[in-house]
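The values are calculated or read from the model by the stated rules, or taken from the named source; none is laboratory data. Please read these numbers as outputs of a predicted model, since none were measured by experiment. Heads up, the Cβs are rebuilt from the backbone with ideal geometry, glycines too, and the neighbour counts pull from every protein chain shown. Accessible surface areas use protein heavy atoms only, side chains included; no ligands, DNA or RNA. Shrake-Rupley method; radii C 1.70, N 1.55, O 1.52, S 1.80 Å.
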Amino acid sequence: MGKKVAIVGAGVSGLASIRACLEEGLEPTCFEKSNDVGGLWKFSDHAEEGRASIYQSVVTNSCKEMMCFPDFPYPDDYPNYMHNTKLQEYIKMFAKKKNLLKYIQFETLVTSIKKCANFPVTGQWDIVTERDGNQESSVFDAVLICSGHHVYPKLPVDSFPGLAKFQGNYMHSRDYKSPEAFKGKRVLVIGLGNSGSDIAVELSHTASQVFISTRSGSWLMTRVWDDGYPWDMVYITRFKTFLWNLLPNFVSDWLYVRRMNSRFKHENYGLMPSNRASRKEPLFNDELPARIICGAVSIKPNVKEFTETSAVFQDGTEFGSIDSVIFATGYGYAYPFLDDSIIKSRDNEVTLYKGIFPPPLEKPTLAVIGLVQSLGAAIPTADLQARWAAKVLTGSCTLPSCKAMMDDIDEKMGKKLKWFGQSQTLQTDYITYMDELASFIGTKPNILWLFLTDPKLAVEVYFGPCSPYQFRLTGPGKWDGARNAILTQWDRTVKPSRTRAVSCAQKPQHFLYLLKIFSFSVFLLAIMLAYH
């Protein structure tokens, strides 16, 4: 009989963890507070305590080919970027197809997770759950925490002098659901992330005036990229990552700024990040520039103070007669059922090896799935994390010493702070991270071998999008349909938008891109030789 594993949460990370445990012969039991799967993507018309919350209009920022479970493509007719209801349909389809629902105890709250008295020997955990007012205690051999990081809002009221005397109302973005209540109002949105920009754009169609206050600015990306293709199908490729890592920092910084500014000048719209070389996660919004240029949305610096009816900004300007303030100021990492020292083992900082395992534990029987953020999609990331974690639990993969893990955390933290800034400490490079996890479990694609044995597939894997199917091509958990899924991914990409076919569909031409890169490389080499 396999080890008993408790899984907290039945969102995409929880479902990936159930499936990974079953693949490794473990016995999973998933505890879900709500009455359905989906987690963040299960929309509710009101914010529920202890659950993630989204607004009614949320659309994905990753396209369907890049955010699927690696062995479960979306239906062909699904749009590339999906409304939250469409994604929730897919998640439920996956749970039913993989027969995962029977392992989930719905409407069950995890109230406490503590080490058993003999933990140094057994690695077991005592877990207390609550259902219908009744509590139950059970012992599990391992725990996978999949409760997400969009649950506990950061509402920094102490950072804004005068807010206590402000006569309008204020709220966190997690409580925002739709724009109807703001019709004809003057609204200030604090925070220029995905939620802040989405809400501001949506409100600008009904509110009389919308301001966005940003402390540091942000790079803006649109979902529609070169030649009309999804941004991540074009942008997230192995070849581009390889080239990027080859370049000196000053060159890559210059290219990054140039690329981000290629659509429009960020400084002309008040969006330019304070640190231009920062690789902080960009925000995704297709409408924001149009709403700014039409005057429906205005970008302002950080709020210096509030008065009874207005906000005074750092540049001395003022936005008066404000009716509402919406704080899109992000979320904190909290696990109220778990001793903080386990996850935040140093200076109240999240210290997890590869963003998954707490190093100080005597036995590696607790893991956090789905906490790492990157430009890549959450579903394939959580899937690979869960597969590695399950193998660690069975002993087929081992972790290094506590010191080696802490040294790795320090090294990675230094790089993250350099590229993503202080507030983005769980950010990581998608392909590098995925390849690292895949190498631990033996599923990283061998590009050279592919070029020798299957050149057609190799070209798509290396020069095309780094789609999730690549991590089920070989090794443990191999999916026989992975090769065909990769070779047909562009067909599924163009199908939902080709409702009026006027010519044959074309996919991006890798040769033309290579030619551009080669020409640019020759140009740079010529400059360096000229000044040598």
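For first residues located in the range 466-493 and closer than 19 Å to THR237 by Cα and of a type in the set (Lys, Arg), partners that are open to solvent by 50 Å² or more (accessible area, probe 1.4 Å) and in a loop (DSSP other than H, G, I, E, B) and lie 6+ apart or on another chain with Cβ distances below 8 Å form the pairs ARG472/LYS478; ARG472/TRP479; ARG492/ASP76. How about the range 17-43: which of its residues are among the aliphatic types (A, V, I, L, M), more than 21 Å from ILE54 (Cα to Cα) and in a helix (DSSP H, G or I)? Once the filter is applied, which keeps residues that are among the aliphatic types (A, V, I, L, M), more than 21 Å from ILE54 (Cα to Cα) and in a helix (DSSP H, G or I), the range 17-43 yields ILE18, ALA20, LEU22.
In this structure, is SER57 touching a residue at least 24 places away in the same chain (Cβ under 8 Å) and farther than 20 Å from PRO28 by Cα?
It is true that SER57 is touching a residue at least 24 places away in the same chain (Cβ under 8 Å) and farther than 20 Å from PRO28 by Cα.
Look at THR499 and say whether it is out of contact with any Leu (no Cβ under 8 Å at 6 or more places or on another chain) and either modelled with pLDDT of 95 or more or open to solvent by 30 Å² or more (accessible area, probe 1.4 Å) (or both). Yes.
Summed over the range 1-22, residues that are open to solvent by 30 Å² or more (accessible area, probe 1.4 Å) and in contact with a Gly (Cβ under 6 Å, 6 or more places away or on another chain) total 0. Residues satisfying the criterion are absent from the range 350-364 (criterion: under 28 Å from ARG215 (Cα atoms), in a strand (DSSP E or B) and either open to solvent by less than 30 Å² (accessible area, probe 1.4 Å) or touching a Ser or Thr at 6+ places or on another chain (Cβ under 9 Å) (or both)). When residues in the range 194-206 are screened for being crowded, with 22+ Cβ neighbours inside 10 Å and out of contact with any Asp or Glu (no Cβ under 7 Å at 6 or more places or on another chain), 8 of them pass. Cβ-Cβ contacts under 6 Å between residues 6 or more apart (or on different chains), taken from a first residue in the range 237-263 that is within 21 Å of LEU283 (Cα to Cα) to a second residue that is at pLDDT below 70 and of a type outside the set (Gly, Ala, Ser), are listed as VAL257/ARG276.
Taking the criterion of being open to solvent by 40 Å² or more (accessible area, probe 1.4 Å) and not in a strand (DSSP E or B), the residues of the range 166-193 that qualify are GLN167, ASP175, GLU180, ALA181, LYS183, GLY184, LYS185.
When ALA382 is tested against (1) open to solvent by 10 Å² or more (accessible area, probe 1.4 Å); (2) modelled with pLDDT of 95 or more, just one condition goes unmet, and that condition is (1).
Could you please let me know if SER218 is assigned to a loop (DSSP other than H, G, I, E, B) and under 20 Å from SER62 (Cβ atoms)? For SER218, the condition - assigned to a loop (DSSP other than H, G, I, E, B) and under 20 Å from SER62 (Cβ atoms) - is met. Figure legend. Inter-residue proximity from the range 442-464: first residues of a type in the set (Ser, Thr, Tyr), second residues in a helix (DSSP H, G or I), beta-carbon distance below 6 Å, spacing 6+ or different chains. Indicated pairs: THR443/PHE471; TYR462/ARG238; TYR462/PHE239; TYR462/ILE447. Out of curiosity, is LYS344 under 21 Å from ASP141 (Cβ atoms), of a type in the set (Lys, Arg) and open to solvent by 20 Å² or more (accessible area, probe 1.4 Å)? So LYS344 does not fit the description; no.
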